[in-house]
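Peer 1: Supplied in structure tokens, the structure appears directly below.
Read-outs: derived from the displayed coordinates by stated rules, not from any lab. Computed from a predicted structure; not experimentally measured. Glycine gets a Cβ as well: all are built from the backbone with ideal geometry, and neighbour counts include every protein chain shown.
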Amino acid sequence: MEKFPGKSLYAVKANPSPDLLRVLWDAGITHYDVASIAEVRLVRAALPQATLCFMHPVKTASAIAEAYTVHGVRVFSLDTIDELEKIVTATTVGGIAATDLYLCVRLRVSSEYSELSLAAKFGVDLVDAAPLLQATRQVADALGICFHVGSQAMTPFAYVQAIERVRAAIVDAAVTVDIIDVGGGFPSIYPGMEPPPLEDYFGAIHRASESLPISYSSELWCEPGRALCAEYNSLVVRVQKRRGDELYINDGAYGALFDAAHVGWRFPVKYLGDDRGLATAEFAFYGPTCDDADYMKGPFDLPSDIAAGDFIEIGMLGAYGAAMKTSFNGFGETVVVEVGDEPMASQYLGNRRDPRVSDNVVSLR
Ligand SMILES: *Cc1c(COP(=O)(O)O)cnc(C)c1O
């Protein structure tokens, strides 16, 4: 993401692991998109110098006040006049209104090119945006417009179309805009989902934003979650039982495999055992809880004679995997091990590997 033609804010919800936050900080990520007071406290504790941006458009007044007065947060997003008034009130200290607020108005945009929609819940409609932008301009030190095209956007055109809507909003409202924040949605590579290179996204965003009616000194921001952490974690599971082409494994819908179960997401898998040169077959997984919904249809390609007791690596679980684990039904206990091998697939150039492949077998050391 260092090739993004602007500033990258890491969206903490994708993976709030303090170890990862430190890795990103060391790699030069200074800004963090947080959405709850717990995330504000977490990142502030892990990275005292970080710039925190509170980008959830619906916050409690107490969360805003604590973020502003205790944790030094100056960047907030909003999509209604009510939220704007709440932010102004909660950041007024001793009867004096804040003069250092960076306020980003969230515009509703289409999610039609993304695997997971974020279009329904947040964002002001274009037809209602002008009065909100004008009112926000009155109280903001810096005014931004932000949006989110949905997670795992499979084409750069998603951003081009959204930036066109930003243009219409700026023209309608006739306000000076200091920040254009194109949000998250940058894709990673998964079986059956092979997006264009990230450079194509950056190029399209750069060209589209160059032609916006904004000043030369205005800033371009983005808020990647998935793209910065998908490759960070794998999960090793054990087969507890086999029933035909269904494998009962010890993690599932209520663990790190929420998306595999609920959105039918296919993650790369690798059998961890001796290479016996066997043919592969397609399997579905059942998770460990007693709930029928704890089912992942895959299909997942594994050696055809895989059996109870075998271990499987499930890759690309760094984004929204670890973050969504629960201990429902008494499961969910894991051991975290730090390893230095390559991710099972990569969206970063020069390191692009096909996640469906071939070396289905690695040795356990
Ligand atoms: C979830 C979220 C992100 C990150 O989205 P990805 O698709 O993981 O890149 C960024 N910004 C906001 C406001 C979000 O809610």
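Peer 1: Starting from the 7 Å offset along Cα-to-Cβ, what nm value, one decimal, do you get for the label separation of Ala45 and Gln138?
Peer 2: About 4.0 nm, to one decimal.
Peer 1: Also, I was wondering about something else. What do you get for the angle between helix 126-139 and the principal long axis of the chain? Use alpha-carbon atoms, 0 to 90 degrees, nearest ten.
Peer 2: Approximately 60 degrees, to the nearest ten.
Peer 1: Here is a further query. For Asp291 and Tyr348, what does the FRET efficiency come to when R0 = 35 Å and r is the distance between their Cβ atoms, rounded to the nearest 0.05?
Peer 2: Plugging the Cβ-Cβ distance into 1/(1 + (r/R0)^6) gives 0.45.
Peer 1: Using the beta-carbon distance between Lys3 and Val263 and R0 = 30 Å, what value does 1/(1 + (r/R0)^6) give for FRET efficiency, to the nearest 0.05?
Peer 2: FRET efficiency, Lys3 to Val263: 0.60.
Peer 1: What is the distance in Å between the Cα centres of segment 123-181 and segment 272-331?
Peer 2: 41 Å
Peer 1: May I ask you to derive the relative contact order of segment 213-273, considering only C-alpha pairs under 8 Å and at least 6 residues apart, and to give it as an integer percent? Don't skip to the answer; put the middle values down first.
Peer 2: On the way: 28 pairs, mean separation 9.0, N = 61.
Across segment 213-273, relative contact order equals 15 percent.
Peer 1: When only Cα pairs under 8 Å and 6 or more residues apart are kept, what is the percent relative contact order across the chain?
Peer 2: Averaging sequence separation for qualifying contacts and normalising by length gives 15 percent for the chain.
Peer 1: Counting pairs of alpha carbon atoms under 8 Å apart in space and at least six apart in sequence, what relative contact order in percent does segment 100-204 give? Mind showing how you got there, number by number?
Peer 2: Numbers: 199 pairs, mean separation 33.5, N = 105.
Answer for segment 100-204 is 32 percent.
Peer 1: Which residues does a label at Met193 reach in segment 99-120, if reach means a backbone N under 15 Å from a point 7 Å past the Cα toward the Cβ?
Peer 2: 111-119
Peer 1: Taking the Cα centre as origin and putting +1 on Lys and Arg beta-carbons and -1 on Asp and Glu beta-carbons, what dipole magnitude results for segment 128-283, to the nearest 20 debye?
Peer 2: I would put it at about 520 debye.
Peer 1: Right, here's the next one. Suppose R0 equals 41 Å; then what is the FRET efficiency for Leu126 and Leu278 from their Cβ-Cβ distance, rounded to the nearest 0.05?
Peer 2: Details: r = 56 Å, r/R0 = 1.37.
Efficiency computed from Cβ-Cβ geometry: 0.15.
Peer 1: Treating the beta-carbon of each Lys and Arg as +1 and of each Asp and Glu as -1, no other charges, what is the dipole magnitude of the chain about its Cα centre, to the nearest 20 debye? Provide the component values of the computation, followed by the final result.
Peer 2: Details: 30 positive and 47 negative charges, 73 e Å.
Value, rounded to 20: 360 debye.
Peer 1: Can you pull the one-decimal nm distance between simple spin-label points at Ala168 and Ser327, each 7 Å off the Cα toward Cβ?
Peer 2: Output for this residue pair reads 4.9 nm.
Peer 1: Now for a different question. Using each residue's phi in segment 227-243, evaluate 6.51 cos²θ - 1.76 cosθ + 1.60 at θ = phi - 60° and report the 3J(HN,Hα) Karplus result to the nearest Hz, with x for Gly and Pro.
Peer 2: 4, 8, 9, 4, 7, 7, 10, 10, 10, 9, 10, 10, 6, 8, 6, 10, 10
Peer 1: Taking amide H positions as placed 1.01 Å from N in the peptide plane, with prolines and chain starts having none, which residues 5 or more places from Asp310, or on another chain, fall under 5 Å of its amide H?
Peer 2: Under 5 Å from the amide H of Asp310: Val239.
Peer 1: Taking the Cα centre as origin and putting +1 on Lys and Arg beta-carbons and -1 on Asp and Glu beta-carbons, what dipole magnitude results for segment 202-333, to the nearest 20 debye?
Peer 2: Numbers: 11 positive and 19 negative charges, 9 e Å.
So the magnitude is around 40 debye.
Peer 1: Beyond a 30 Å Cα-Cα separation, which of these cross-linked pairs lie in this structure: Lys13/Lys241; Lys3/Lys297; Lys59/Lys270; Lys13/Lys297; Lys7/Lys59?
Peer 2: Cα-Cα > 30 Å for Lys13/Lys241; Lys3/Lys297; Lys59/Lys270; rest within.
Peer 1: Order of 305-315, 227-237 by packing, highest average Cβ count within 10 Å first?
Peer 2: In descending order of packing, they fall as 227-237, 305-315.
Peer 1: Could you state the angle between the C-alpha long axis of helix 157-173 and the longest principal axis of the C-alpha atoms of the chain, as a value from 0 to 90 degrees rounded to the nearest 10?
Peer 2: 20 degrees
Peer 1: Using a 7 Å offset from the Cα along the Cα-to-Cβ direction at both Val236 and Leu116, what is the distance between the two label points in nm, to one decimal?
Peer 2: If labels sit at Val236 and Leu116, their model points lie 2.6 nm apart.
Peer 1: Also: Taking 0.36 nm per residue of separation and subtracting the Cα-Cα distance, what length does fully extending Val23 through Phe311 add?
Peer 2: Answer, rounded to one decimal: 100.9 nm.
Peer 1: Please check which bits of segment 292-317 a label hung off Arg243 would reach, taking the label as a point 7 Å along Cα-to-C-beta and the cut-off as backbone N under 14 Å.
Peer 2: 292-296
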